[in-house]
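J.: I'd like to ask you about the structure that follows.
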Amino acid sequence: MEQFTEEFSICSWVRKVRPAGNYLYWFHYATESSVSEIRMTDHGHSKMFNGPSLNKVDQLAITPCPWFHYCMSWSASSASADVYFNGTKVGSITTPPGRELATGGSLVLGQRQSEAGDIYTVNGGRPFGGELYKLNIFSKKLTAEEVSEMYQAGISSDVERKQGQYRQLKWENIIQQPRNGNVQLVNVDFAEVDRACAVKASLAYIEKQLANARQELNMMNAGKLLDQTQSELREAKIELEATRADLGQRLSQAQSELELTRIELEETELELEACFEEKSWSPWDILNHQCFFNSVLSEEKIASLNKVWERLESFKGVTVTKDLIAFLKDDDTGKDLCEV
């Protein structure tokens, strides 16, 4: 973190997935002298230099599902860290004058550290359990206008690349770093996530309306109104069940797509392993073939092999492809290798 000692900005798209729990850390930088040099949670709590903090839990009321954009922008000269939520500044953390960011620490994403490099495990630890996207750390204190531009451009934009040399820790490099625990790199359909979140919000709204309706019914003693309201509730329940079924189908489809992606990744790994194994191949491996192995290397077999190599001479300068190999296999030359 040497390049960030005097100023930095940490910006990321964050998606809270776990429905409950406080202090679930998605960013934690700790040093030997300061276990909370920088730390940020998924529900609106930020802390710097093992002391000053900003608690916006009640104000932000972050709920699971939707993506939100989070930035912390700090400089030693201003002795202040500005915190932004969805492009809007929500508060600041005052830091000691002249205090610079300590170096030589340990940066962990998605979990709390009990001390530098040591994951906190008491009562299951404080795992984030959500999703991060486009986490970048800049070696400057971004302005409010620059942060707002990042958020307004949207999660699919590349506006952060405009910062050029200031984008020191890049998302595309971060995702290449070693991962521990249940951390996975997934392909996300942001439109599908938005639709699923909208369905979930609709369900919550319907359930809230149902709860309000039940409360009103308990306070009323009018038979006709009660019958009418019960009919409306039945219709709402039918709509709710239909929405639940649709959401279940969407989730099942998403799980199937994730499983296909996992299988493709496993197949790719097997292909890569095969490629590495092929690097140790020797021309003499042909003698392992059943036509030669445990049989006498006769003049006829050697003559047949020579015919094959002489045939190959006619293709000098031609690129070896699958089509060329298939063509040579169809050729009569060498087909009598196992017969002599």
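J.: Of the peptides 316-324, 167-175, how do they stack up when ordered by the mean number of other Cβ atoms within 10 Å, highest first?
T.: Working: 316-324: 8.0, 167-175: 14.7.
Packing order, densest peptide first, comes out as 167-175, 316-324.
J.: Using per-residue counts of other Cβ atoms within 10 Å, averaged over each peptide, order 235-241, 71-77, 290-296, 7-13 from highest down.
T.: On the way: 235-241: 12.4, 71-77: 20.7, 290-296: 10.6, 7-13: 22.9.
Going from most to least packed, we get 7-13, 71-77, 235-241, 290-296.
J.: Which length gain, in nm to one decimal place, applies between residue 307 and residue 242 when the Cα-Cα distance is subtracted from 0.36 nm times their residue separation?
T.: Working: separation 65, 0.36 × 65 = 23.40 nm, distance 7.19 nm.
Here the answer is 16.2 nm.
J.: I've got another one for you. Could you tell me whether segment 72-186 comes out rounded, prolate or oblate from its Cα gyration tensor? Rule is a ≥ b ≥ c as square roots of the eigenvalues, rounded for a/c under 1.5, then prolate if a/b exceeds b/c, otherwise oblate.
T.: On the way: a/c = 1.74, a/b = 1.21, b/c = 1.44.
Verdict is oblate for segment 72-186.
J.: Express the accessible area of the chain per residue in Å², computed with a 1.4 Å probe while the remaining protein chains stay in the model. Working shown, then result.
T.: On the way: 21370 Å² over 340 residues.
Normalised by residue count, the accessible surface of the chain is 63 Å².
J.: Rounded, prolate or oblate for segment 1-110? Axes are the square roots of the Cα gyration tensor eigenvalues, ordered a ≥ b ≥ c, and the cut-off for rounded is a/c under 1.5. Kindly include the intermediate steps, with their values, before the conclusion.
T.: Details: a/c = 1.96, a/b = 1.53, b/c = 1.28.
In terms of gyration-tensor shape, prolate.
J.: In debye, nearest 20: dipole of the chain around its Cα centre with unit charges on the Cβ of K, R (+) and D, E (-)? Write down the numbers at each step before the final one.
T.: Values: 36 positive and 50 negative charges, 363 e Å.
The calculated dipole for the chain is roughly 1740 debye.
J.: Using only the alpha carbon atoms of the chain, find the Kirkwood hydrodynamic radius as the inverse mean reciprocal pair distance, in angstroms to one decimal. Please list the in-between numbers first.
T.: Details: mean 1/r = 0.0387 Å⁻¹.
Every distinct Cα pair counted, the radius reaches 25.8 Å.
J.: Related question: Once amide H atoms are placed 1.01 Å from N in the peptide plane, what residues at a sequence separation of 5 or more from residue 91, or on another chain, have their amide H within under 5 Å of its amide H?
T.: 83
J.: Here's a follow-up. What residue among 107, 230, 303 has its Cα farthest toward the positive end of the dipole of the chain, where the charges are +1 on Lys, Arg and -1 on Asp, Glu, each on the Cβ?
T.: Positive-end residue among those listed: 230.
J.: Please report the carbon-and-sulfur percent of the accessible area for the chain; probe 1.4 Å, protein heavy atoms only, DNA, RNA and ligands left out. Could the numbers behind the result be given before it?
T.: Values: 10860 of 21370 Å².
Of the solvent-accessible surface of the chain, carbon and sulfur hold 51 percent.
J.: Here's another thing I want to ask about it. Convert each backbone phi in segment 246-251 into a coupling constant with the Karplus relation 6.51 cos²θ - 1.76 cosθ + 1.60 (shift: θ = phi - 60°), then list the ³J(HN,Hα) values in order as whole Hz, x for Gly and Pro.
T.: Here the 3J(HN,Hα) series is 5, 5, x, 5, 5, 5 Hz.
J.: Given H placed 1.01 Å from N in the peptide plane, which residues other than close sequence neighbours of residue 80 have an amide H under 5 Å from its amide H?
T.: 75, 95
J.: To continue, here is another question. With labels modelled as points extended 7 Å from the Cα through the Cβ direction, what inter-label distance (nm, one decimal) is found for residue 157 paired with residue 217?
T.: 4.8
The values are calculated or read from the model by the stated rules, or taken from the named source; none is laboratory data. Please read these numbers as outputs of a predicted model, since none were measured by experiment. Neighbour counts are summed over all protein chains in view; Cβ atoms, including those assigned to glycine, are modelled from backbone coordinates with ideal geometry. Remember, those area values only see protein heavy atoms, side chains included, never the ligands or the DNA or RNA. Shrake-Rupley method; radii C 1.70, N 1.55, O 1.52, S 1.80 Å.
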